[in-house]
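Asks: Below you will find the structure I want to go over with you.
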Amino acid sequence: MAVRIDQKITGYAVVTPEETRQAAPTAAPLPDAANDIVQMHERIERPDVLVGNTYKIKSPMVEHAFYVTINDIVLNPGTEHELRRPFEVFINSKSMEHFQWIVALTRIMSAVFRKGGDVTFLVEEMKAVFDPRGGYYKIGGAYMPSLVAELGSIIEHHLKSIGLLHDPEMSAAQRALIAEKRRDYEARESEELAITGDGASFPPSASMCEKCFTKAQVFMDGCATCLNCGYSKCG
């Protein structure tokens, strides 16, 4: 950029880089408390020891089980700003036919975890993956459209356990409405209830709910209603 000089030059001096730095204005320092808080970012080095959990996936789609290990890093330990954030994920199985996409998926997820920011979007993206061969029901009646979707459910469960995700609170009115609908249905039907693996009981003729993916949807009062989450196609 050209500089216009309107006055006569009567002398000059050479300014060193050090003098330039000293003359430059400095930004006001942030409060010490803010400077001490460490947020997750990709430049954080992996510590020697991480805490984590291992989850098992047993699907009828594969012969052998999958073991999903999610390791977390603890930031700002021992302070009021202590945070536990996912750092890496590993998946092990004897089923080698899925080896390539498993390795690729774990590396991508680990990179997203280390990047920091909001990583919860992974849950919905993975749970929306459908297998063209069809899905399967887990013990308890929950429907899984694919292996990747069940992996997304595991990530969701883990993020909830460390406080990154929270279940929406169901109001007392919603709970009362579900309980009332269930009593009405049980009073009308004489069939024996089937006890599911997670301890919840729903009629064996119930179909899958398209909202909570649980076999708890029954037809009553001319409308399909879920006895688990209360969803109804009639509003």
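The values are calculated or read from the model by the stated rules, or taken from the named source; none is laboratory data. Only a predicted model underlies this, so the values are computations on that prediction, with no experimental measurement involved. With ideal geometry, Cβ positions are generated from the backbone for all residues, glycine too; neighbour counts draw on all protein chains shown. In case anyone asks, the SASA skips ligands and DNA or RNA and just uses the protein heavy atoms, side chains included. Shrake-Rupley method; radii C 1.70, N 1.55, O 1.52, S 1.80 Å.
Asks: What ranking do 66-75, 113-122 get when scored by the average of other Cβ atoms within 10 Å per residue, highest first?
Replies: By packing density, highest mean first, the sequence is 66-75, 113-122.
Asks: Please compute the per residue accessible area over segment 53-104 with all protein chains in place, 1.4 Å probe, rounded to a whole number of Å².
Replies: Heavy-atom accessible area per residue stands at 58 Å².
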